[in-house]
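What follows is a set of notes on a single structure, which appears directly below.
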Amino acid sequence: MSAGEARLSVDLDALAANFRALEAEAPASEVAPVVKADGYGLGAGPAALRLWAEGARRFFVARVGEGEQLRHVLGPHRAAEIYVLDGAPAGSMPRIAAANLIPVLNTLEQAEEASAFSGRKNRLPAALHIDTGLNRLGLRVEEAEALARAPERLAGLELGLVMSHLACGPNPDHPMNRRQLEAFSAAAALFPDARRSLANSAGIFLGPDYHFDVVRPGITLYGGGPRERHDPRIATVATLEAQILQVRTVPAGESVGYDATFTAHETTRVAIAPLGHADGILRTLGGKGSAWFEGQRRAYLGCVSMDLVALDVTGCEAARPGAWIELIGPNALVDEVAEDAGTISYELLVRLSTRAQRVYIGETG
Ligand SMILES: *Cc1c(COP(=O)(O)O)cnc(C)c1O
């Protein structure tokens, strides 16, 4: 292979292992993968096909369009329930019904519109989002109570799931977790025929009280720790590597990169690798983060530019053009790189662009 390649490997076997680890963590619940935002940037199609092969039969996406794409990828022979977290924005019910999606209804207006669209004869499936403190999407608890008292408002729908979403799951000591758990338990009891779902990845690791019937993990499937830090139970899924393009010796006193933010205090060997902020190596990693080479951290020197990064390979003879450097992966852990960049694993993953060659490891189905 020629020097100067960059590749993103997505390990579907690791994805499957994470799915099974979550099943083991919540053994009484169904694990329903969240594959929004193109499967957290790693490819919703391959991820969903593999997870379906592992037994997943319920999926969550954010947008109607994502649901349509997922339905298309799964095709007519792989039955699955696809829930749309945006719910049924005004006028979207024809598309939702055509792709056989399930709206997670967020407002009374959505509930009424969906119910009217559906009609009593051929009731369409729906889920209900009840807000318990995040104040993002969902009915207020009082609205859910009003709805439960007037079930005719949902007469056109088959309400199969009620859910809520945690605000502080990554912090197990936060009192809000328990408050939301109690509020959700009470509100869900108003809809006794529906399955219940509260936990995202972090919520699963809060323990069995939080599991209910269905859990909705996203980030841990893709290799991020449930508490925004590495967890040994979770396998690395995404590995971003690049082959060194050039190695240069920078004498003491000279600077490296735009704005001359790094100055060598001694003679420094610098490797230039073909990944930059256009690939998702966030600019905030400049001067902070590190890549890995031959089992050692290699600091980023100076600014991350659009197409290139500079790494300190002083004293490392093996660093030469064509050698592979790991920027994200089993050593440069996604949670640690994200922390160095001042963000979280979610944002780091969804910002990976499609410029680096993508390679899927393992079978899709
Ligand atoms: C994104 C999302 C999830 C998945 O969250 P993770 O923290 O990635 O596990 C679950 N539920 C809702 C409502 C979401 O928006």
Residue count, the range 242-268, condition touching a Cys at 6+ places or on another chain (Cβ under 7 Å) and in a strand (DSSP E or B), comes to 0
Restricting the range 1-53 to residues that are part of a loop (DSSP other than H, G, I, E, B) and hydrophobic (A, V, I, L, M, F, W, C), the one farthest from residue 321 (Cα to Cα) turns out to be 28
Within the range 328-361, residues within 19 Å of residue 12 (Cα to Cα) and among the polar types (S, T, N, Q) come out as 331, 345, 353, 354, 357
Only unsatisfied item for residue 227, checking (1) touching a residue at least 60 places away in the same chain (Cβ under 8 Å); (2) within 12 Å of the ligand (Cβ to nearest atom), is (1)
Cβ pairs under 8 Å, 6+ apart or interchain, first in the range 126-139 and touching a residue at least 12 places away in the same chain (Cβ under 8 Å), second acidic (Asp, Glu) and within 12 Å of the ligand (Cβ to nearest atom), ordered by first then second residue, are 137/86; 137/131; 138/131; 139/131
Of the residues in the range 303-320, those that are surrounded by fewer than 20 Cβ atoms within 10 Å (Cβ to Cβ) and farther than 18 Å from residue 280 by Cβ come to 314, 315, 316, 317, 318, 320
Considering residues that are more than 13 Å from the ligand (Cβ to nearest atom), in contact with a helix residue (DSSP H, G or I) (Cβ under 7 Å, 6 or more places away or on another chain) and not in a loop (DSSP other than H, G, I, E, B), the number found within the range 144-176 is 5
For the range 193-211 the number of residues that are in a loop (DSSP other than H, G, I, E, B) and either within 10 Å of the ligand (Cβ to nearest atom) or over 20 Å from residue 82 (Cβ atoms) (or both) is 8
Residue 57 meets each of (1) over 19 Å from residue 364 (Cα atoms); (2) under 19 Å from the mean Cα position of the chain (by Cα); (3) more than 16 Å from the ligand (Cβ to nearest atom) with one exception, condition (1)
Going through the range 351-365 in order, the residues found to be within 16 Å of the ligand (Cβ to nearest atom) and farther than 15 Å from residue 283 by Cα are none
The condition of being away from the ligand (no atom under 13 Å from the Cβ), within 26 Å of the chain's Cα centre (by Cα), in contact (Cβ under 8 Å) with a residue 24 or more places away in the chain and over 20 Å from residue 338 (Cβ atoms) holds, among 216, 179, only for 179
query = In this structure, is residue 244 of a type in the set (Val, Ile, Thr), away from the ligand (no atom under 16 Å from the Cβ) and out of contact with any Phe, Trp or Tyr (no Cβ under 9 Å at 6 or more places or on another chain)?
reply = no
Checked 275, 327 against criteria (aliphatic (A, V, I, L, M), under 25 Å from the mean Cα position of the chain (by Cα) and in a strand (DSSP E or B)); the one match is 327
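None of the figures in this text is laboratory data; all of them are computed from the coordinates on show. Here the structure is a predicted model, which is why all the values come from computation and not from measurement. Ideal geometry is used to build each Cβ from the backbone, glycine not excepted, and the neighbour counts take in all protein chains shown.
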